[in-house]
Amino acid sequence: MTSISTEAAISINGLCKTYQGGKRALDGVTFDVPRGQIFGLLGPNGAGKSTLINILAGLVNKTEGSASIWGFDIDAHPRNAKASIGIVNQEILFDPFFTPVETLEIQAGLYGVPKKDRRSLDLLRAVHLEDKANAYARTLSGGMKRRLMVAKAMVHSPPVLVLDEPTAGVDIELRQQLWAYVRELNAGGVTVVLTTHYLEEAEQLCDRIAIINHGRLIANEPTRDLVGRAQEKVVAVTVDRDLTAAPEAPCFEKIVLKGARVLEITYSKARVNAGEVLAAVQAAGVGIVDVSTREPDLEDVFLSLTRSTAD
Ligand code: ADP
Ligand code: MG
């Protein structure tokens, strides 16, 4: 298959979706997923992530805008677009009466993969399901089903793999295995897009992160830049006496009593500095024994970005 020359694995332009009943799930979203990356699409529940993925998958009709996958416009070249992408949906969907091997063979058949090019057992091995190859799908655990879905998405060897909330209901060990496999695929040249509302996950895995909230793109940057752009900082202050309530001051974005003598204060570095924050603690009549700050993580970035665009 030849593709139209383009740098992007996925290109999304002015994408809008209004569901029947009037819910506007996507409101003019534009971004590219560069080839070869692990790309994170982040956003809280209801942000529009699955809507966007389901448009790419051909499961939801967009209202406005355009999208292309590996250079193929989803309207003009739907078959090529579809062949270029493997999608693991948020919901687990299987025919419970087929075994994992049968599930993969049927999927390969649907995608027109010739028998000689099928690699069902290799795929099952890659997702650590080789010993379940001939078990009924209904006997698999939630984590196993999720991994089978990943294998199913890869039967036609697409250059782009999209995982929609892949770790929902997957325990930590399996999550690690899933990520190891995702990294392996990526190292082999597959562009990976994953949606999640777990920021830590995205921070660890993704080269680049886009954030959507209320159907709008609010950030799209290399992960490192995004983390560095945090407007909020957190300082932990150990005080000289037991407190029953946290003091209040206008320069605190948030203050939490973390044990009788530790206050965790979030402040906006655009508005105040650490000195002013500490002065406000002392002004409340509390002595300071110790202070520690931590670097903002993605959680902080996300909170400050979503807060500033909240409607
Ligand atoms: P996310 O995946 O980020 O959690 P979704 O794309 O699932 O968000 O949903 C975005 C918004 O669209 C939500 O407000 C959701 O309730 C709404 N929505 C999703 N699917 C439908 C649908 N089939 N009909 C009507 N509204 C929907
Ligand atoms: Mg979703």
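Overview of values
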quantity	calculated
Qualifying residue in segment 60-78 (condition: at pLDDT 95 or above, within 16 Å of ligand 2 (Cβ to nearest atom) and over 15 Å from the mean Cα position of the chain (by Cα))	yes
Single condition Asp117 does not satisfy, out of (1) away from ligand 2 (no atom under 16 Å from the Cβ); (2) under 23 Å from Thr195 (Cβ atoms); (3) among the charged types (D, E, K, R)	(2)
Residue list for segment 247-256, restricted to those being within 25 Å of Leu305 (Cα to Cα) and open to solvent by less than 60 Å² (accessible area, probe 1.4 Å)	Ala249, Cys251, Phe252, Ile255, Val256
When residues of segment 105-148 are limited to those that are of a type in the set (A, V, I, L, M) and over 20 Å from Ile87 (Cβ atoms), the one most open to solvent (accessible area, probe 1.4 Å)	Leu121
Residue that is farthest from Pro159 (Cα to Cα) [pool: residues in segment 44-84 that are basic (Lys, Arg) and either within 11 Å of ligand 1 (Cβ to nearest atom) or crowded, with 21+ Cβ neighbours inside 10 Å (or both)]	Lys62
Leu93 being within 16 Å of ligand 2 (Cβ to nearest atom), open to solvent by 60 Å² or more (accessible area, probe 1.4 Å) and either within 19 Å of Ile218 (Cα to Cα) or not in a strand (DSSP E or B) (or both)	yes
Residue that is nearest to Trp179 (Cα to Cα), among those in segment 10-43 that are away from ligand 1 (no atom under 12 Å from the Cβ) and outside any strand (DSSP E or B)	Gln37
Breaking point among (1) modelled with pLDDT of 90 or more; (2) open to solvent by 50 Å² or more (accessible area, probe 1.4 Å); (3) in a helix (DSSP H, G or I), for Glu203	(1)
Filter result (within 16 Å of ligand 2 (Cβ to nearest atom), buried (at least 18 other Cβ atoms within 10 Å of the Cβ) and without any contact (Cβ under 8 Å) to a residue 40 or more places away in the chain) within segment 156-192	Thr167, Val170
Unmet requirement for Thr195, which otherwise passes all of (1) among the hydroxyl-bearing types (Ser, Thr, Tyr); (2) open to solvent by less than 20 Å² (accessible area, probe 1.4 Å); (3) modelled with pLDDT under 90	(3)
Single residue of segment 218-233 satisfying the filter (of a type outside the set (D, E, K, R) and at pLDDT 85 or above) that is surrounded by the fewest Cβ atoms within 10 Å (Cβ to Cβ)	Pro222
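The values are calculated or read from the model by the stated rules, or taken from the named source; none is laboratory data. Bear in mind the structure is a predicted one, so any value in this text is a computation, not a measurement. No Cβ is skipped: glycine too gets one built from the backbone with ideal geometry, and neighbour counts run over all protein chains shown. To get the accessible areas, we keep the full protein, side chains included, count just its heavy atoms, and leave off ligands, DNA and RNA. Shrake-Rupley method; radii C 1.70, N 1.55, O 1.52, S 1.80 Å.
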